[in-house]
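Have a look at the structure below before the remarks.
What follows is calculated from the coordinates using simple rules that are stated; it is not laboratory data. What you see is a predicted model, and the numbers here were worked out from it, not measured in a lab. Ideal geometry is used to build each Cβ from the backbone, glycine not excepted, and the neighbour counts take in all protein chains shown.
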Amino acid sequence: MILELKDIEQAAENLKNVVLNTPLEYSERLSNQYSANIYLKREDLQRCRSFKVRGAYNRIFSLSVEERQKGIVCASAGNHAQGVAYSCATLELKGVVFMPLSTPLQKIDRVRSFGGKYIEIVTIGDTYDDASNAAKDYCLAHNATYVHPFNDYDVMCGQGTIAREVYKELGDKIDIAVVAIGGGGLASGVSSYFKHKNEKIKIIGVESLGAAGMSESIKNGKVTPLQSIDTFVDGTAVKRVGDNTFTICKRNLMKTVLVPEGKVCTTMIELYQNDGIIAEPAGALPISALDMISDEIKGKTVVCILCGGNNDILRYPEVMERSLVYNGRKHYLIIEFNQKPGQLRKFVDYALGPNDDIVRFEYMKKTNREAGAALVGIELSNKNDFTPFLERLSSTGINFRVLSDKELLYSYII
């Protein structure tokens, strides 16, 4: 499949009174940090706080009268759902939105707010793919019109209008565009427009480490469904990329980059503290990847598509936690304390450093036997303090085990 330039231009015409021409902001902080000219395309400031309204509205607007009257159905982890809800309310069409149970409450509430009386919400399944299967079953049963969040020509053309706005401002100054990938609709639309305008513009796709469906598919030369995914970066948590988006991304992307979820969290915090930007995990993905491509972007003009800002404030404790763990400043251990007085004091006096702090202490099993196991979380002021801490702890003779992030218990702690 090839997205025609004229169809992306038509999408821009369809959207001209619906979406905002979002700011393209030069980031002095990031530019200095990476010795490059870094621009952020602020789709977090878009209506519905995400780029998804572009593709959703363009698709629904392009439907025939008969297709509209059948009712609109979609599946989404949040942002596409908001775009569909907004579009249905604007065009006064009835719609049903299927969302995974893992979707943040903030996004569900926003869908309800945008759609009002025109939208019915159904939460089902653990992932986007589960919700998508339920939505398709509903369409078959009710002869409704399904609006796919990424594997659709009109949707991809709508997303391509982002690149059109960027190119109108920077033109051929653009060297590299960095784009988040979930199902691949955004990367397909953006890369297609840029390649039509200038083949020399390089497109780098970014996925979270726990949901790298496009990277896996490109590596295997075919669409490869993932058996399981980490849904933390919910806006890109897709088990199976689209057949059409795979074809386009395989052709247009220079490379794909995988970013650990903890790194994404660190970037979210940095954007908030330094720039006052509230980015959702998927929105922070492209900026998170800059460390990994720092040599390639030096001296270049780089555009990062900050694709969304729908983040639930209730998630920030987890964001902080994942960031501290990723940066090596927070660790969890199972420690066996002898069941006699003074053992905790021994740990505090001889193992902990002057800047180390106990942030969690929980007896897992305390009996009258010789030893009782405790879950202990420590936070360090510097990641380099961890090895000296372990050396001191070993010298006390206390039995302990550092928990790995691969262990089941660890996933319940974080």
Check your understanding: How far is helix 153-170 tilted off the main Cα axis of the chain, in degrees rounded to 10, range 0 to 90?
Key -> 80 degrees
Review point. Angle, helix 185-197 long axis vs. longest principal axis of the chain, Cα atoms, 0 to 90°, nearest 10?
Key: 60 degrees
**Study point:** Candidates A81, A11, A141: whichever shows maximal mean-square fluctuation once the chain is modelled as a Gaussian network with Cα springs under 10 Å
**Key:** A141
Review point. For the chain, modelled as a GNM with alpha-carbon contacts under 10 angstrom, which of G242, G182, G71 fluctuates the most?
Key: G71
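Determine the calculated [θ] at 222 nm for the chain from helices alone, applying -39500 (n - 2.57) to every DSSP H run no shorter than 4 residues and normalising by the residue count; nearest 500 deg cm²/dmol.
The per-residue figure over the chain is -12500 deg cm²/dmol.
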Revision key, fill the gap. Once Lys and Arg are counted +1 and Asp and Glu -1 for all other residues with Cβ under 12 Å from that of N21, the total becomes +4
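Please give me the summed charge of the neighbours of I277: other residues whose Cβ is under 14 Å from its Cβ, Lys and Arg +1, Asp and Glu -1.
Working: positive: R29, K41, R42, R49; negative: E25, E28, E43, D44, E270, D275, E280.
Every neighbour counted, the sum reads -3.
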Review point. With labels modelled as points extended 7 Å from the Cα through the Cβ direction, what inter-label distance (nm, one decimal) is found for N384 paired with Y146?
Key: 5.5 nm
Study note, to complete from the structure: With Cα coordinates, the longest principal axis of the chain makes an angle with the long axis of helix 128-142, in degrees rounded to 10, of 40 degrees
Review point. Which of the pairs K239/K263; K219/K383; K70/K168; K70/K195; K52/K202; K136/K195 have their Cα atoms more than 30 Å apart in this structure?
Key: K219/K383; K70/K168; K70/K195; K136/K195
Review point. Given H placed 1.01 Å from N in the peptide plane, which residues other than close sequence neighbours of V241 have an amide H under 5 Å from its amide H?
Key: T224
Check your understanding: Under 5 Å between amide H atoms, partner at least 5 residues away or on a different chain: which partners does V206 have, H built in plane at 1.01 Å?
Key -> V179, A180, I181, V257
Check your understanding: Hey, in the GNM for the chain with a 10 angstrom Cα cutoff, which one of E28, E66, E207 fluctuates hardest?
Key -> E66
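Under the 0.36 nm per residue contour assumption, what length would be gained going from the current alpha-carbon distance of D243 and V65 to full extension?
61.3 nm
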**Study point:** Percent RCO, i.e. relative contact order, over the chain, from Cα pairs under 8 Å lying at least 6 residues apart
**Key:** 15 percent
Review point. Can you list the residues, at least 5 places off or on another chain, whose amide H is less than 5 Å from the amide H of R360, using H built in the peptide plane?
Key: G377
